[in-house]
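Chemist: Sending over a structure as structure tokens; questions will come in a sec.
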Amino acid sequence: MCGIMGYVGPNQAAPVLLDGLQRLEYRGYDSAGIAVLNSKIHVRKAEGKVDRLLELTDNSPLSGTVGIGHTRWATHGVPSDLNAHPHTDPSGSIVVVHNGIIENFYELRDQLTAEGHEFTSETDTEILAHLVARAYDGDLVAAVRDAVSQAEGAYALVVMAVHEPGKIVAVRRISPLIVGLGDGETFLASDIPAVLHRTRDFLIIEDGELVIVDENGASIETIEGAKVDREPLHVDWDAEMAEKGGYDHFMLKEIHEQPAVVTETLGGRLEEDGTAWLENVDFDDEFARNLGRIWITACGTAYNAGMVGSEIFRRLLRMPTSVEYAHEMRYADPLVSEGDLVIAISQSGETADTLAAARLAKERGARLLAVTNVVGSTLSREADDILYTRAGPEISVASTKAYMAMLIGQYLLALRLGAARGLSDPALAERVIHGLHTLPASLEELMHREAEVAEAAKRIANAQDVYYIGRGLDYAVAVEGSLKLKEISYIHAEAMPAGELKHGTLALITEDVPVIVVLTQEALYDKTVSAIQEVKARGGDVIAVAYDDDERIGRFCDTVLRIPRSNDLLGPVSAVVPLQLLAYHVARIRGNDIDQPRNLAKSVTVE
Ligand code: M6R
């Protein structure tokens, strides 16, 4: 996720900006840059870490007391010196940095190109510099307003103009932006830790607001121009807490980021009528129509996301779809052939087994589509098509928001394929499209129910074994829930289809064995309830994840974790959240190292 810095004050801007960028490094980035205004705009930027930028500015210092800075996490265009921010207009009189995605980037670039504009980078950001410059007639605030009225998406934008020295104008459209209020100096940043050692007083800029920073401090308006009065927030977190946005662990922060992640993953990609625009997914309708089979390959949580995906493809497209562990597939001489689509899912895009399975599929003539979070990763470079999940860097080893984004990506892919091949059940597809649009709001609502999950965690914190059951898509979610519990609580957990319990595992159910059951699939409800009865008859403690309006479930279970009503095909997306939180709170009660669980690594680049 990109990081933003800005400074107006009596001191040299460059050291303040560089220091702030270093403090934002935890957000993840691939290039960095700063611009300082001193009668002209002077830019230094480079691919790689801030250290490289420091070398550049040491060799070629920048002087001036107003400036902006940026760490870039690539979305449009590979990591490179040219694509790094800041970006200027061709005359060098406007300079911008930006965090987030301009959804109508292609449309705007085509428009500007038709007007004769030329671009030096592949980024959506450079478009913003051109838009502001085109609108500028001596009033930077008005020009920024004009530009953001044209740029759709979730982003934060920071701008300086050569003709208005001493001023920075910034806008927040969803992506975070804060102002630090110092003694005679003012800071802008995308996150509090960047300047927490310089001030403890902040203005949190809200979605849809514009802030003007100059020698008088900061004044906030709505983008439309209405004045906003905001009391500063006094922060007494320590630096480590601030990095985690005030949460105790990155995992918890990332769980809570999921509503915003869904908005990002969908951003500009799904029309109300279900048309899915997927940049970097280049197969044509003919390929989609003639497609023989879909294979999904991945490991760990990404594989679990693939389990949900295979069901989405089966139900929306009636397509034969298999999901294979990459470490199995690569040695299994799979029957992949020309005309097949192989979807390799990997948050990092660097998992050795997934890369090996993906390469094998390509050798066999399949088309390779990567679902990955990391722009420029090995998987993305080797794939024919790429669906970037846009979850932002995930720091906790236990994956949560990346899983969520992988699910959303697969719904989008199914709709893209369905547009060419026809959808098997258009009414179901319509419910899914509607559900995707309302999902961020219902996930947000779910986050407010954490206290109930924390309470339920006490019931299983001392267990030796926990079983997770469900049918169909609920089974797929159960598998992910059990993996979360295992990896951070170190409790043995196992997921199985609810119908399988009676074929052996029931022998292990006693009153000390909690069973978690997921119930979002209406058609399978009664069958799952039978499995619950089998558990109850052996004294097992049952915790269910069920819809708000499920009135029957209370009769069969000891504890119910409620989720907002959704349609069956989207049910798993909400159901996974209480399971993530449950694992988190159990691990917390047990005093484990939640973000760095023992024996595990974030990216498994060995076989
Ligand atoms: O980067 P990848 O998505 O390819 O990683 C695959 C697995 O190693 C990963 O999902 C792992 O299972 C998670 N850390 C579990 O939370």
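The values are calculated or read from the model by the stated rules, or taken from the named source; none is laboratory data. None of these values were measured; they are calculated from a predicted model. A quick note on method: Cβ atoms are made from the backbone with ideal geometry, for glycine too, and the neighbour counts reach across all protein chains shown. Heads up: the accessible areas ignore ligands, DNA and RNA and are worked out on the full protein's heavy atoms, side chains in. Shrake-Rupley method; radii C 1.70, N 1.55, O 1.52, S 1.80 Å.
Chemist: 222 nm [θ] for the chain, helices only, -39500 (n - 2.57) per DSSP H run of 4+, per residue, to 500?
Modeler: -11500 deg cm²/dmol
Chemist: Accessible surface of LYS486 in the full protein assembly, 1.4 angstrom probe, to the nearest 10 Å²?
Modeler: About 90 Å², ignoring ligands and nucleic acids.
Chemist: Which order do LYS362, LYS40, LYS401 take when ranked by solvent-accessible area (1.4 Å probe, heavy atoms of all protein chains), largest first?
Modeler: Values: LYS362 85, LYS40 125, LYS401 0 Å².
So, going from the largest accessible area down, we get LYS40, LYS362, LYS401.
Chemist: Would you mind checking which residues have amide H under 5 Å from GLY182's amide H? H placed 1.01 Å from N; only 5 or more apart, or other chain.
Modeler: PHE187
Chemist: Would you kindly state how much longer the chain becomes between GLU494 and ARG52 on full extension, computed as 0.36 nm times their sequence separation minus their alpha carbon distance, in nm to one decimal?
Modeler: Gain on stretching GLU494 to ARG52: 154.5 nm.
Chemist: What size of dipole, in debye to the nearest 20, comes out for the stretch 555-607 about its Cα centre when the only charges are +1 on Lys and Arg C-beta atoms and -1 on Asp and Glu C-beta atoms?
Modeler: 220 debye
Chemist: Okay, moving on. Return the carbon/sulfur percentage of the accessible area of the chain, one whole number, probe 1.4 Å, all protein chains in place.
Modeler: Here carbon and sulfur together make up 47 percent of the probe-accessible area.
Chemist: Quick check: pseudo-label points 7 Å beyond the Cα along Cα→Cβ at ASP139 and GLU271, how many nm apart are they?
Modeler: Calculated label separation equals 3.6 nm.
Chemist: Of LEU131, ILE460, LEU355, whose Cα points farthest to the positive end of the dipole of the chain (charges on the beta-carbon: +1 Lys, Arg; -1 Asp, Glu; origin at the Cα centre)?
Modeler: ILE460
Chemist: With labels modelled as points extended 7 Å from the Cα through the Cβ direction, what inter-label distance (nm, one decimal) is found for ARG364 paired with TYR106?
Modeler: The answer from the label model is 3.1 nm.
Chemist: Next question. Going 7 Å from the Cα of GLU338 along its beta-carbon direction, which residues of the stretch 365-390 have the amide nitrogen within less than 14 Å of the resulting point?
Modeler: Hits in the stretch 365-390 for GLU338 at 14 Å: 365-367.
Chemist: Provide the per residue accessible area, probe 1.4 Å, for the stretch 503-575, rounded to a whole number of square angstrom.
Modeler: Values: 2920 Å² over 73 residues.
Value for the stretch 503-575: 40 Å² per residue.
Chemist: Hey, what do the phi angles of the stretch 152-162 turn into as Karplus ³J(HN,Hα) couplings, whole Hz, using 6.51/-1.76/1.60 and θ = phi - 60°, x for Gly and Pro?
Modeler: 8, x, 10, 7, 10, 10, 10, 9, 10, 10, 4
Chemist: With the crude spin-label approximation of a point 7 Å out along Cα→Cβ, what separation in nm comes out for THR505 versus ALA226?
Modeler: It is 5.4 nm.
Chemist: Working from Cα positions, state the angle (0 to 90°, nearest 10) between the long axis of helix 352-363 and the longest principal axis of the chain.
Modeler: Roughly 90 degrees, rounded to the nearest 10.
Chemist: Next question, about the same structure. Ignoring ligands, DNA and RNA, what accessible area per residue does the stretch 365-482 give at 1.4 Å, in Å²?
Modeler: 30 Å²
Chemist: How much FRET efficiency would the formula 1/(1 + (r/R0)^6) give for ARG318 and LYS40, where r is the Cβ-Cβ distance and R0 is 56 Å, rounded to 0.05?
Modeler: 0.35
Chemist: Can you tell me the dipole magnitude for the chain around its Cα centre, using point charges on the Cβ only (Lys, Arg +1; Asp, Glu -1), in Debye to the nearest 20?
Modeler: Here the chain has a charge dipole of around 1240 debye.
Chemist: Tell me which lysines have Cα within less than 30 Å of LYS502's Cα, excluding those fewer than 8 residues away on the same chain?
Modeler: Counting by Cα, and skipping residues close in sequence, LYS502 has these lysines nearby: LYS458, LYS484, LYS486, LYS527, LYS536.
Chemist: If you line up the long axis of helix 426-447 against the longest principal axis of the chain, both from Cα atoms, how many degrees apart are they, to the nearest 10?
Modeler: Value to nearest ten degrees: 70.
Chemist: Further question: Whenever you get a sec, line up ASP282, ASP353 from highest to lowest accessible area (probe 1.4 Å, protein heavy atoms).
Modeler: ASP282, ASP353
Chemist: Return the sequence-ordered ³J(HN,Hα) values of the stretch 213-226 in whole Hz as given by the Karplus equation 6.51 cos²θ - 1.76 cosθ + 1.60 applied to θ = phi - 60°, using x for Gly and Pro.
Modeler: So the J values, rounded to whole Hz, are 10, 8, 5, 8, x, 10, 10, 10, 9, 6, 4, 6, x, 7.
Chemist: Between SER219 and ILE589, take the C-beta separation as r, use R0 = 35 Å, and let me know the FRET efficiency to the nearest 0.05. Mind dumping the intermediate values first?
Modeler: Values: r = 46 Å, r/R0 = 1.32.
Once the sixth-power term is evaluated, E becomes 0.15.
Chemist: With viscosity set to 0.692 mPa s at 37 °C, what whole-number translational diffusion coefficient in µm²/s follows for the stretch 252-442 from Stokes-Einstein and a Kirkwood radius over Cα pairs?
Modeler: Estimated via Stokes-Einstein, D reaches 201 µm²/s.
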